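Take a look at the structure set out below.
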Amino acid sequence: MTSDISRTPTGPRRHVVWLVPVLWTLALGLWGLSRQDSVWRDEAATWQVARRSTGAIWAMLGNVDAVHGLYYLLMHGLFGLFGPGTTTLRLPSVLAVAAAAACVAVTGRRLAGFWAGLGGGLALGLLPAVQFYLQEGRPYALVAAGAGLSTLLLVSLLSAPDGPRARPRWTGYALAVLVCALLNWLSLLILPAHAATLWWARAGRGVWLRWTAYGACAVAGALPLVLFSRSQSDQVSWIPPLTWHMMIGPAILLAVGGVCALADRPRAGRLSATAVGLPLLAVPQLGLIGISLVQPLFLDRYVLFSMLGLALLIGAGLGAAVRALRPRFPRAAVLLVPGVVGVAVVALLPVELGKRAPASRVDDVLSVAGEVARLGRPGDAVLFVPAARRDTALVSPGAFAGLVDVALERSPVDSATLKGEEADPARIRAALLGQRRVLLVTDAAQVAKPSGAARDAAKAAVLAERFRAVQDRQVRGRRVTVYERR
């Protein structure tokens, strides 16, 4: 196995290569972090679960969302220390992407030089998919950070497989892969990506044996979660089957990565940015497509960590361009990476602004809670259609003070579920017939989907028969309608 790993730089450049991307990514992440004080339904799940006790979270994981258990426990601790809020909810993702950018930068510098590392680290935070999850109160950015760390450790081990710190690095590698899998077990797709890197770089037998042993330990540690979460597969039953148009995005990403890889001039048997970045980009994307042919699971967030491979390839392409320019245009070569990043910022400004607007998400549970607080009167009944829209009350209980949730039989905490357990249709009908005013919280017309639940049909039937709508508000993907008895 040969390598193009550059001599480790000394002086300020060694730290600039990762420090600048970290500060850059933090600036992008902190810009508009609150999204105009909006929280959408996925983040609402994090918010309301994180506010439960540890015992209540553990009980819930036995019924639902076991795949996110470690993340919920982490956010429970952070909410306990700093209090619930959009900053506490999203700042871990900002810090995680900043850490991932540092890993990309150091990996790129090791494999292709200073400018490749700097360019790749700066590029990561600008990728549209990363822009979305950079400010998201969900675990996908944390998985990306772990993937970046495990990839950096693998590169360091391939460059010095028998060094004095090899065993601690292999242990760190296995732990990083394991923690990522406990946050989202589809991140185990990084292992075949790393296997492709070992094959490309023609790693020795000893490296293969160690990688197999430590990788198997990580898989074994995550296997109980993988098997148990399969019993909760109904949670992802809403994901549509794979279609051709869903593969347009991955095809574009692979095309861009391939062009950047050509600039890096990859060769078999050489540890290069392409040997690491192209498998990291391609294998998780293709692996998820393959899995989705058996069970629909194709969501880009599940393989967000593959964007590290794209950033690494972009950095390698920029580094190659700098090397080509340097002999004849040394000043232009120095300005190339900052100039390209500046142009990218301007070109992507509509995307950057859009991702930081409430409209970038399908709904906002906080805005509709404000409407409930304005429209509701003490003693009014409140209904949620579907029942999952109860997340509004769970995130903003103060807005629902004095209102009666007439359909709810057991609270989410008591039932160890996300949305609670509702009474049977007959009891819901009877409870509604005793009310004079009802507030219905549901989806706005443009995002609403038909509900086949018998309970929701009963709610709609009673409202249509005995009540009339007197007020209606639609805001940021949610809707509040006030009904009064005829």
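Across the range 372-397, the qualifying residues are those that are closer than 20 Å to residue 421 by Cα and among the small types (Gly, Ala, Ser), and the one among them that is most open to solvent (accessible area, probe 1.4 Å) is 388.
Residue 350 satisfies every condition listed in (1) in a helix (DSSP H, G or I); (2) open to solvent by 20 Å² or more (accessible area, probe 1.4 Å); (3) touching a residue at least 40 places away in the same chain (Cβ under 8 Å) except (3).
All of (1) in a helix (DSSP H, G or I); (2) surrounded by 19 or more Cβ atoms within 10 Å (Cβ to Cβ); (3) of a type in the set (A, V, I, L, M, F, W, C) hold for residue 203 with one exception: (1). Taking the listed residues 357, 344, 369, the one that is open to solvent by less than 50 Å² (accessible area, probe 1.4 Å) and either free of Cβ contacts under 8 Å to residues at least 60 places away in the same chain or touching a His at 6+ places or on another chain (Cβ under 7 Å) (or both) is 369, with no other qualifying. Among residues that are part of a helix (DSSP H, G or I) and within 19 Å of residue 136 (Cα to Cα), residue 335 is not included. In the range 211-235, the qualifying residues are those that are out of contact with any helix residue (DSSP H, G or I) (no Cβ under 7 Å at 6 or more places or on another chain) and over 16 Å from residue 69 (Cα atoms), and the one that is most open to solvent (accessible area, probe 1.4 Å) is 234. Before we move on, is residue 90 in contact (Cβ under 8 Å) with a residue 40 or more places away in the chain, of a type in the set (Lys, Arg) and in contact with an Asp or Glu (Cβ under 9 Å, 6 or more places away or on another chain)? It is true that residue 90 is in contact (Cβ under 8 Å) with a residue 40 or more places away in the chain, of a type in the set (Lys, Arg) and in contact with an Asp or Glu (Cβ under 9 Å, 6 or more places away or on another chain).
Starting from residues that are without any contact (Cβ under 8 Å) to a residue 12 or more places away in the chain and assigned to a helix (DSSP H, G or I), keep the ones in the range 76-87 and report whichever is surrounded by the most Cβ atoms within 10 Å (Cβ to Cβ). My answer is 80.
Conditions tested, residue by residue: (1) surrounded by fewer than 16 Cβ atoms within 10 Å (Cβ to Cβ); (2) of a type in the set (Asp, Glu).
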site: 12; (1), (2): yes, no
site: 17; (1), (2): no, no
site: 22; (1), (2): no, no
site: 27; (1), (2): yes, no
site: 35; (1), (2): no, no
site: 39; (1), (2): no, no
site: 43; (1), (2): no, yes
site: 49; (1), (2): no, no
site: 52; (1), (2): no, no
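The values are calculated or read from the model by the stated rules, or taken from the named source; none is laboratory data. Keep in mind it's a predicted model, so treat the numbers as computed, not measured. Positions of Cβ are generated from backbone atoms using ideal geometry, with glycine treated the same way; all protein chains shown enter the neighbour counts. Just so you know, the surface numbers come from the protein's heavy atoms only, side chains and all, with ligands and any DNA or RNA stripped out. Shrake-Rupley method; radii C 1.70, N 1.55, O 1.52, S 1.80 Å.
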